Amino acid sequence: MKYVIVGSSHFGYEAVQTIAEADAEAEIHLYERGDKASFMSCGAQSYLEGIAESPDEIHYANEDSYKEQGINVHLNSDVIGLNPEEKTIMVKTADGEYEASYDKLLLSPGGYAPRLNIPGNDLKHVYTFRGRDDAEIVKARMADAKKVIVIGAGYIGIEVAEAFVRNGQEVTVLDAVEHFLPTYLDKEFYPSLSQEAENKGLTFKGKEFAQEVLGENGVVTGLVTDHGEYEADTIIMACGVKPDTDWLKDTLEVDEKGFVVTNEYLETSAADVYAGGDATYLPFNPTGKETNIGLATNARKQGVVAAKNAFGGKVKAPGVNGTSGLAFFDLKFATTGIKDSTMDMYDGEVKSYYGEAKIRPDFMRNEDNTVEMKIFYDAETEVILGAQFMSKADVTEAANTLSLAITAKMTLTDLAQADFFFQPGFSRPWHFLNVLALEAQGQTYGSTKMLF
């Protein structure tokens, strides 16, 4: 059996490994348009900040490791066409184009980082940030940049902005939204985020629209917005990700947003063609509806599912909760399930509760001893639908706990009565997750006003 996998990141890597482990006789071909395989974009910030000394460290695998497994890896090979009837793909390389056949095809079209469609978007030192090439280019620019503007206040933009601040540059982040990280945290968390940004020297401009990149002699010198003009020698456009699926629109069912349509087994509209990753949907557990959540964890699960189904299985793609975490300077936060921006997806009335709690007893003398937290639940049944947590202490595993609660359809009462251990160095007798549920129900046991 000849398996062709297009795209070597999270989905592609997992698909290759699953097939190779299950079928030692399988003929596996992996196609990657770049010159390196299996780059982890989620590790790019560590490279900008010098934690990872080389981008070569931020890979699941490389050409040599694939070849050692007997995988036919094709780098610098851009798959630009598909013929499902003939079971062939069209591959473009520096030497020209050629056709390659398959028995089973597993696609991870992925996405691309768009540039804003404004004058000056192609000036020198205007960059996007996605993939290894962008990471290397932006890293090189960090040596000379002085005034940096990041357009886009999502996690990619914030990661890049933080790296430049830590490197000593003057950094301004601007976005059309009111506060940054809106797909991670709701407005209740913004005062702490804003204070942290101010403390660290990061400037944020919300509800502001970029209109033109200014330049002289082909080099960026500033940015014009609907609020004014800013001086800059470096601009990073971190304006989201779009599905890279134009080449598939004539052969597979693709929706109006560019996402490849699959069934619950990740089968596309063409026989023996499977798809996963950032350009596809997965069922969202809190609502039961499909949505796109571009996370490595989701793509890797999809890679396993698609591979198992390609060699004869009947495995359904798992539902997800969109559980994710990030750090913003000294703050650490994590989120799962429904939030303000996704409440409309739920068929029912949603309630939420925001509060703060102590993590450990006061006598432990811990400086970072407060957690901000928010929980979403069904107004009638009190079934838990989502949660967010933020603290200078690392409480991010709480989002994993609440992700399990969402999947298990636990209620506020279940969480309030959950059995969590007590040890003064780690927690209180009333764990902050117990407190969150109790206070959401209007109960006073475990109140944040109590010592323990």
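Below, the figures for the structure above:
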read-out	value
Charge sum, other residues only, whose C-beta stays under 14 Å from Y274's C-beta, Lys/Arg counted +1 and Asp/Glu -1	0
Distance from the range 1-51 to the range 321-359 (C-alpha centre basis), Å	31 Å
Computed magnitude of the charge dipole of the chain (debye, nearest 20; Cβ of K, R +1, Cβ of D, E -1)	1020 debye
Between the range 164-192 and the range 124-153, the alpha-carbon center distance in angstrom	17 Å
The range 391-410 and the range 200-244: distance between their alpha carbon centers, rounded to Å	36 Å
Charge sum, other residues only, whose C-beta stays under 13 Å from V261's C-beta, Lys/Arg counted +1 and Asp/Glu -1	-4
Test item: Cα-centred dipole of the range 126-237, Lys/Arg +1 and Asp/Glu -1 on Cβ, debye	280 debye
Expected 222 nm ellipticity per residue - DSSP helices of 4 or more, -39500 (n - 2.57), all of the chain, to 500	-6500 deg cm²/dmol
Point-charge dipole on Cβ atoms (K/R +1, D/E -1) for the range 326-440, about Cα centre, debye to 20	380 debye
Too-long pairs where the Cα-Cα distance tops 24 Å, listed order kept, from K87/K308; K92/K242; K289/K316	none
For the chain, with +1 on Lys and Arg beta carbons and -1 on Asp and Glu, the positive-most of Q211, T287, G157 along the dipole	T287
Dipole-positive endmost among S54, V220, A26 within the chain (Cβ charges, Cα centre)	S54
Calculated log₁₀ intensity ratio I(q)/I(0) where the Debye formula runs over C-alpha points of the range 186-320, q = 0.12, 0.20 Å⁻¹	-0.73, -1.09
Under 5 Å, built H, 5+ apart or other chain: amide partners of I80	M90, V91, K92
Lys/Arg +1, Asp/Glu -1 at C-beta; the range 326-440 dipole; positive extreme among F328, A399, A416	F328
Spatially proximal lysines relative to K146 (Cα-Cα < 21 Å; intrachain offsets below 8 disregarded)	K124, K200, K205
Greater than 22 Å apart at Cα, pairs in K187/K301; K187/K392; K257/K351	K187/K301; K257/K351
Highest-first arrangement of 218-231, 374-387, where packing means the average Cβ count within 10 Å	374-387, 218-231
Modelled FRET efficiency - R0 30 Å, F311 with E53, Cβ distances, 0.05 increments	0.20
Alpha carbon Rg of the chain, scaled by the compact-globule rule 2.2 N^0.38 Å	1.05
Kirkwood Rh, angstrom, the range 126-237 [1 / mean 1/r, Cα pairs]	14.2 Å
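Computed from the coordinates by the stated procedures, all read-outs in this text should not be read as laboratory data. Remember, predicted model here, so these are calculated numbers, not experimental data. Because the Cβ atoms are built from the backbone with ideal geometry, glycine has one as well, and the counts that use them run over all protein chains shown.
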